[in-house]
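Colleague: Below is the structure I would like to discuss, written out as structure tokens.
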Amino acid sequence: MGDRRFADRDGQRWQVRVRSRSEWLFEPVEDNPGPARTAASPGYERDPFELSTEELQRLLDSATPRKRPTTRSPFLD
């Protein structure tokens, strides 16, 4: 499995990364000001290269903005 880039319906470019079997990460690339988003992976496919642009767009539409970790770093004062 690898990372895949695609353009959404608005022309914004995204990179799709598989984080786990159940979660995919959509990261903005190339002048895309949007925040990174996470989405549940489709149950029928594990590789982003096997999905069409329309299927990736549906996943992006259902994705939520990525949240920062709530735990404090042990290295901070």
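The values are calculated or read from the model by the stated rules, or taken from the named source; none is laboratory data. These numbers come from a predicted model, not from an experiment. Glycine also receives a Cβ, built like all others from the backbone with ideal geometry; neighbour counts cover every protein chain displayed. What goes into the accessible areas is simple: the full protein's heavy atoms, side chains included, and nothing from ligands, DNA or RNA. Shrake-Rupley method; radii C 1.70, N 1.55, O 1.52, S 1.80 Å.
Colleague: Going by alpha carbons, how many degrees (0 to 90, nearest 10) lie between the helix axis of 53-62 and the longest principal axis of the chain?
Modeller: The answer is roughly 40 degrees.
Colleague: I would also like to ask the following. Kindly provide the helix-only [θ] at 222 nm of the chain, computed as the sum of -39,500 (n - 2.57) over DSSP H runs of four or more divided by all residues, to the nearest 500 deg cm²/dmol? Display every interim value, and only then the final one.
Modeller: Values: 1 runs with 10 residues, N = 77.
That comes out to -4000 deg cm²/dmol.
Colleague: Which whole-number value in Å² is the accessible area per residue of segment 20-77, probe 1.4 Å?
Modeller: With the other protein chains kept in place, segment 20-77 gives 76 Å² per residue.
Colleague: How many percent of the accessible area of the chain is carbon or sulfur, using a 1.4 Å probe?
Modeller: Values: 2590 of 5630 Å².
Carbon-and-sulfur percentage of accessible area, whole number: 46.
Colleague: Let me ask you something else. If every alpha-carbon in segment 32-77 counts as one equal scatterer, what log10 I(q)/I(0) does Debye give at q = 0.13, 0.14, 0.25, 0.29 1/Å?
Modeller: -0.45, -0.49, -0.97, -1.13
Colleague: What net charge do the residues around ASN32 carry, taking every other residue with its C-beta under 12 Å from that of ASN32, with Lys and Arg at +1 and Asp and Glu at -1?
Modeller: Values: positive: ARG5, ARG13, ARG37; negative: ASP8, ASP10, GLU27, GLU30, ASP31.
Here the charged neighbours net out to -2.
Colleague: Quote the Stokes-Einstein diffusion coefficient, in whole µm² s⁻¹, for the chain, based on the Kirkwood radius over alpha carbon pairs, a temperature of 37 °C and a viscosity of 0.692 mPa s. Don't skip to the answer; put the middle values down first.
Modeller: Working: Rh = 13.3 Å.
The Stokes-Einstein estimate is 247 µm²/s.
Colleague: Another question, if that's okay. For segment 13-77, which chymotrypsin sites (Phe, Trp or Tyr not before Pro) are in a loop by DSSP, counting at most 15 other Cβ atoms within 10 Å?
Modeller: TYR44, PHE75
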